[in-house]
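The next block holds one structure in the form of structure tokens; read it before the comments.
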Amino acid sequence: MELFVQSVISGILLGGLYAAIGVGLSLVFGIMGLTNIAHGSLMILASFFIMILSQQATGSVILSLILTLAIMAAISGLAQGFLVNRVLDKGAEPALLVTFGIAIIIQNALQLAFGADFKSIASPFASINVVNSKWVVITGEYLLNFIISVAVIFALHFIVRKTWFGRSIRAASSSVVAAELMGINTKRTYVLTMSLATMTGCIGGLLVGQTFGFYSYSGMSYLIIAFGVVVIGGMGSIVGTLLGGVILGVAQLLGAYFFGSGVQILIGYLTLLVILTLRPRGLLSNMTRK
Amino acid sequence: MKKEMYRKILMVALCIVMVFAMAACGGGGSSTGDSSGGSNASTETTGGGEPSAPATTDKTEILVGFAAPLTGPLAIFMGPTPWVEALCLDAINNQNGGILVDGKQLPIRVIYADTESDSNKAMEAATKLVTQDKVDILVGAWTPVGANPISAVAERYEIPAFTFGAPEESWLEGGPYKWATGMHFNYDLLCTDIINMWNKLDTNKKVGFVLDTDVDGATGREVYTRMLEGTEYEIFDPGAYTIGTTDFTSMISKLKEANVEIITADMITPDFTTFWKQCHQYGYIPKVCTINKGMHYEADVENLGDDGGNGITFSSLWDKNFPFSSPLLGMSATEIADLWQSENEGFYPYSIGYDVAMYDILNDVLTRAGTLDKATLLDAILATDIDTVFGNLSFNENQCMVVPAIATQWLPGETFPFEKKVVSSETFPAIPSYDPIIIPATTQK
Amino acid sequence: MQGVRKNNYTKSLAILVIVIVLFFLPQYGSDYAISIGVLIFLYISLGQMWNLLGGYSGLVSLGQQIFVGIGGYTAALVTEVWHQSIAVSLVVAAGVSLVFAFIISFPIFKMRGVYFTIGTWIVSEALLVFFRNWKFVNYDAGYNITIAYRIPMSQIYHGALVIGIGSVVLVYLILRSRMGLALMSMRDNEGAAEVRGVRLYRTKLYCFVISSVYTAITGVVLYLNIAYIKPGAAFGIDWTVCMVFIVVIGGLGTIEGPIIGAVVYVILRQYLYSFPGISMVILGAVAVAIILLMPKGIMGAIHKKFGVEVFSVRRRIDERLEDGS
């Protein structure tokens, strides 16, 4: 029984982290209909920046994160402006290949630059437990991940729903032509959307780097988690991503509770497939673009 | 009509381009079949097919083809390879003036092909080395992902191959081999030393398995179960886990509940890092934690944070305290490791030992063979009996030379935050060992 | 009218010559040329089958490695564990993949567009984890397909040749058939096609099943060539990355596209062996560069510039009229 409660709580908290990994993907898809394969690799690139900056330049994780947000916003904006925007209106497949290409370049360039060994970002909360009872343990790390993720998701929700920028990207997502007639530069909006999405990925990268650590090749394995939470939440639904993350996290840990750790990941995937079969457009898809 | 003609010509041209591309793609290759020349392959006598008697007089170098994981997760093993290559080839080519082959002193050249840490690409890379570069000997390395497909290529094209860095058991699943040979560690011996080490420690003798579903995990489960049967040890097996698992709550709770004091884990570095951190968070620190696969590198142990890695035990595949030396370099294991540390950053990686041993053996084999004829070369490889940085090595009946894998422990060091000490080496008694310690309770928070 | 016929005649002759030249490659080509040929033909087949889904049916899948893996594992189990012949493994692979494609079509055909894309990837990842935990397939350890060591490369080459050419013929026939018309109309406008009586679900299902079964058969020969199988490699996303590369670089929705794409992909990869370490960076950059320069792929660019098609699936009414004038 203790283990059951523990699994559910850990699953929910872990799900918050999953949601932080995925939310940028959801935004990009919702706004420009792009399946961004490079999202995971961009996230790991951010992890590397944060690690290197905090170790060798700033000495502070927060400061490094702020610098990395700026750097990654610039990098991803440039990639969007010069590469992805050019093929976006040519159909799904060319854009898919371009993002694949970017992912491959980032992964291998990271290995060339930083080697193949395993890295992590030091976490001040790694050894602090918030709740440490006989019944249940809540680790500071997981709780902090969850709080940060929820904050990021609601901030993003607010930006998209309530600000002028948000209105312009929503306009671009519902009709490119109408938005352009209204004087919105959709290509520029796409660049800003990609930058914003990658900035959420930076925070995902920080949390992943602190909680699990990373290789230059970790991007792809986190990408599948990101895709999973985004599709069950409903592509384009920002709050749905949080729900998706929590479902996946809980499904994995309860899977381990009932059937053992070997099938933990499998149960996660099967849950995703069952939900997608029942709700083929995800649980909360309100902003989805056809 | 004119337009029609234009189209027709273009279409035929396109077809020709396609034929050219497809048939002549290996084009370089197909022309080397008859005449000499060709792209970067050095001149070779026979085209494909049977290895007939070579007229080696026009050879200018001995080509060693190394299909290696230069990129991907396994690339970590290749870290010191360029350094070792420079050192060893300098010894062979410059100091000894090459190797006497058919009456001519020839230098060795190593050609790399990237396996991308993927077994599909490993086969492609090795095939390219054999058929395009026409290497004289094929080398393949690191884990079954590298060793097994490369051995398959050697068997297919009947070329002598030397593989290393995998468990003997899983390499042999692809056997029996005729052309492929191996320098691998043996799981039975590895586990024997691990259990010997546990014997030296005061625990409740409860062993918990934290094994992945990979080949090492499966082999580990089989071997440990067999060896611990009928002893005072009691096994607790919560079931295998899948690589890439991010949360071990369930596993840790079960281990804790079963009051397991000895953990034997088969995990890659990221999984173990997550697992061990979560163990600490859940307040579960076993007295002994033996980890295979991950935690071979000092940087990984430092990554565990503060004192997290203190006292972790693992099976070391090479250590600078091995009382052996390399005949090619004329240096002892300690001297080689120290030289690495003085010229590079950080703690020496154990794969240096494998790389040096490979060059020791290559040098020895080629010198004894005195020719590049494939069959003679294979016989020379199989007759190897050499003292190298692993001690004395020779092939067993499975065409494998078994190298030590002995119990080692990470302890706080002088030069580096952590340094490793051999703590049990009964399977290779020539290697000195110290007494292991129980994981200090101070690491608990 | 005559010009067209003559054109067709020349074309058929040219294709025949190419096939004959390729068929006898083992007689005059080097080992290297043969090994490259094997890869090219098998990748042509993978590309054609992905193109049938992505290029014609609008089903952009990231999960076709499922069937490569099924084919490969069938080859391994049938020859290595049950000691049966390769022919048996081809039949079993076709059967297993047929059943599996039907089963997974129920859930994943409910998903549309990007949900389908990601759904297929999740199925493939789930299968990867399942195989890693499945005793029947030797867990994650996989198999060495030892029988494949002794198969002469010329036989593997001919197998690959048949499969590569077969895939082209198969796609050509499908596109020339009623189903092809349905596919074209679907690709151009799904709604309009449905109104005009095209059974969307059934047409897509047939395409998916045909593509899956043929990919599995290709997988058998792929793994006879590789001779070592393991879940991570068999169900790896790398297979799909290479299919997408081949199809999009070559030209999506054309028969020539995957052929050109496969030739470019295989030769480029071979060339990049000379740049160990940075080869993948270059490969990624080349992919991005080609797509930016030629968004419709190499074949699209050629077609636009010269109006050349080798395998035309169009009904030639317009051309005849043009000719008569």
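The values are calculated or read from the model by the stated rules, or taken from the named source; none is laboratory data. Every value quoted in this text rests on a predicted model; they were computed, and no experiment measured them. Because the Cβ atoms are built from the backbone with ideal geometry, glycine has one as well, and the counts that use them run over all protein chains shown. The area values use the complete protein model at the heavy-atom level, side chains included, leaving out ligands, DNA and RNA. Shrake-Rupley method; radii C 1.70, N 1.55, O 1.52, S 1.80 Å.
Counting the residues of the range B:381-414 that are in contact (Cβ under 8 Å) with a residue 40 or more places away in the chain, of a type in the set (Val, Ile, Thr) and either open to solvent by 10 Å² or more (accessible area, probe 1.4 Å) or in a loop (DSSP other than H, G, I, E, B) (or both) gives 2.
A:THR241 falls short on exactly one of the conditions (1) of a type in the set (Val, Ile, Thr); (2) more than 11 Å from chain C (Cβ to nearest Cβ); (3) closer than 23 Å to A:GLY30 by Cβ; (4) open to solvent by 10 Å² or more (accessible area, probe 1.4 Å), and that condition is (4). Among the residues of the range C:130-139, the ones that are within 7 Å of another protein chain (Cβ to nearest Cβ) and at pLDDT below 90 come to 3 in all.
For the range B:222-238, state whether one or more residues are within 28 Å of B:ASP355 (Cβ to Cβ) and buried (at least 23 other Cβ atoms within 10 Å of the Cβ). Spell out the reasoning first.
So the first thing to find is which residues in the range B:222-238 are within 28 Å of B:ASP355 (Cβ to Cβ), and the list is B:223.
From the residues that got through so far, the ones that are buried (at least 23 other Cβ atoms within 10 Å of the Cβ) too are none.
No.
The number of residues in the range C:244-274 that are part of a helix (DSSP H, G or I) and not aliphatic (A, V, I, L, M) comes to 10. Every listed requirement among (1) in a strand (DSSP E or B); (2) open to solvent by 10 Å² or more (accessible area, probe 1.4 Å) is met by B:PRO429 save one, (1). Filtering the range A:120-139 to residues that are at the interface with chain B (Cβ under 9 Å from one of its Cβ atoms) and out of contact with any Phe, Trp or Tyr (no Cβ under 6 Å at 6 or more places or on another chain) leaves A:SER120, A:ALA122, A:SER123, A:ALA126, A:SER127, A:ILE128, A:ASN129, A:ASN132, A:THR139.
Quick check on the range B:128-169: of everything there that is among the hydroxyl-bearing types (Ser, Thr, Tyr) and open to solvent by less than 10 Å² (accessible area, probe 1.4 Å), which residue is farthest from the other protein chains (Cβ to nearest Cβ)? Quick ask: steps written out before the conclusion?
Initially, the range B:128-169 is screened for residues among the hydroxyl-bearing types (Ser, Thr, Tyr), giving B:131, B:143, B:151, B:157, B:163.
Subset that is open to solvent by less than 10 Å² (accessible area, probe 1.4 Å): B:131, B:151, B:163.
Values: B:THR131: 4, B:SER151: 8, B:THR163: 12 Å.
Per the stated criteria, the residue is B:THR163.
For C:GLY277, the conditions (1) under 17 Å from the mean Cα position of the chain (by Cα); (2) outside any helix (DSSP H, G or I) are fulfilled apart from (1). Across the range B:285-302, the number of residues qualifying as free of Cβ contacts under 8 Å to residues at least 60 places away in the same chain and either more than 10 Å from chain A (Cβ to nearest Cβ) or open to solvent by less than 10 Å² (accessible area, probe 1.4 Å) (or both) comes to 4. Of everything in the range C:61-79, what is among the small types (Gly, Ala, Ser) and away from chain A (no Cβ under 14 Å)? Give them in sequence order. Passing the criteria: C:GLY69, C:GLY71, C:GLY72, C:ALA75, C:ALA76.
Scanning the range C:266-301 for residues that are without any contact (Cβ under 8 Å) to a residue 12 or more places away in the chain and away from chain A (no Cβ under 14 Å) yields C:TYR271, C:TYR273, C:SER274.
Where helices (runs of 4 or more DSSP H) fall entirely within the range A:1-103, those with at least 3 residues that are of a type in the set (Val, Ile, Thr) and farther than 26 Å from A:GLN252 by Cβ are at A:61-79.
The residue of the range C:295-315 that is modelled with the lowest pLDDT, among those that are more than 21 Å from the chain's Cα centre (by Cα) and open to solvent by 50 Å² or more (accessible area, probe 1.4 Å), is C:ARG315. Please work out if B:ALA218 is in contact with a helix residue (DSSP H, G or I) (Cβ under 7 Å, 6 or more places away or on another chain), free of Cβ contacts under 8 Å to residues at least 60 places away in the same chain and open to solvent by 10 Å² or more (accessible area, probe 1.4 Å). Criteria met by B:ALA218.
Of A:ALA57, A:ALA103, A:ALA113, which residue is of a type outside the set (Asp, Glu) and within 22 Å of the chain's Cα centre (by Cα)? Quick ask: steps written out before the conclusion?
Details: A:ALA57 fails: within 22 Å of the chain's Cα centre (by Cα); A:ALA113 fails: within 22 Å of the chain's Cα centre (by Cα).
That would be A:ALA103, the only listed residue that is of a type outside the set (Asp, Glu) and within 22 Å of the chain's Cα centre (by Cα).
Consider C:GLY236 carefully, then state whether it is in contact (Cβ under 8 Å) with a residue 40 or more places away in the chain, surrounded by fewer than 24 Cβ atoms within 10 Å (Cβ to Cβ) and at the interface with chain A (Cβ under 10 Å from one of its Cβ atoms). Break it down stepwise before answering.
On the way: in contact (Cβ under 8 Å) with a residue 40 or more places away in the chain: yes; surrounded by fewer than 24 Cβ atoms within 10 Å (Cβ to Cβ): yes; at the interface with chain A (Cβ under 10 Å from one of its Cβ atoms): yes.
So C:GLY236 passes the test.
Yes or no, residue by residue, for (1) open to solvent by less than 10 Å² (accessible area, probe 1.4 Å); (2) without any contact (Cβ under 8 Å) to a residue 60 or more places away in the chain; (3) closer than 19 Å to C:PHE130 by Cα:
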site	(1), (2), (3)
C:TYR214	no, no, no
C:VAL220	yes, no, no
C:ASN225	yes, no, no
C:GLY232	no, no, yes
C:VAL241	no, yes, no
C:ILE246	yes, no, no
C:ILE255	yes, no, no
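Residue count for the range B:211-252, restricted to those that are more than 9 Å from every other protein chain (Cβ to nearest Cβ) and within 30 Å of A:ASN145 (Cβ to Cβ): 2.
With C:ILE165, C:ILE147, C:ILE151, C:ILE156 as the choices, which residue is within 14 Å of chain B (Cβ to nearest Cβ) and under 17 Å from the mean Cα position of the chain (by Cα)?
Numbers: C:ILE147 fails: under 17 Å from the mean Cα position of the chain (by Cα); C:ILE151 fails: under 17 Å from the mean Cα position of the chain (by Cα); C:ILE156 fails: under 17 Å from the mean Cα position of the chain (by Cα).
Criteria check complete, one pass: C:ILE165.
Total residues in the range C:80-129 satisfying the condition of being without any contact (Cβ under 8 Å) to a residue 12 or more places away in the chain, surrounded by fewer than 20 Cβ atoms within 10 Å (Cβ to Cβ) and either more than 9 Å from chain A (Cβ to nearest Cβ) or closer than 26 Å to C:ASN144 by Cα (or both): the figure is 10.
Selection within the range B:134-171: residues that are small (Gly, Ala, Ser) and free of Cβ contacts under 8 Å to residues at least 60 places away in the same chain. The member of this set that is nearest to C:ASN144 (Cα to Cα) is B:ALA152. Closer than 25 Å to C:ILE66 by Cβ, at pLDDT below 90 and under 22 Å from the mean Cα position of the chain (by Cα), is that true of C:ARG187? Yes: the conditions hold for C:ARG187. For B:LEU190, the conditions (1) under 18 Å from the mean Cα position of the chain (by Cα); (2) open to solvent by less than 10 Å² (accessible area, probe 1.4 Å); (3) within 10 Å of another protein chain (Cβ to nearest Cβ) all hold with the exception of (3). Taken across the range C:39-60, residues that are on the phi < 0 side of the Ramachandran plot, more than 14 Å from chain B (Cβ to nearest Cβ) and not in a helix (DSSP H, G or I) do occur, with at least one present. Could you go through the range A:35-47 and let me know if any residue there is more than 16 Å from the chain's Cα centre (by Cα), modelled with pLDDT under 90, within 14 Å of chain C (Cβ to nearest Cβ) and surrounded by 19 or more Cβ atoms within 10 Å (Cβ to Cβ). No, because not a single residue in the range A:35-47 is more than 16 Å from the chain's Cα centre (by Cα), modelled with pLDDT under 90, within 14 Å of chain C (Cβ to nearest Cβ) and surrounded by 19 or more Cβ atoms within 10 Å (Cβ to Cβ). The set of residues from the range A:104-119 being more than 7 Å from every other protein chain (Cβ to nearest Cβ), in a helix (DSSP H, G or I) and open to solvent by less than 30 Å² (accessible area, probe 1.4 Å) comprises A:ILE106, A:GLN107, A:LEU110.
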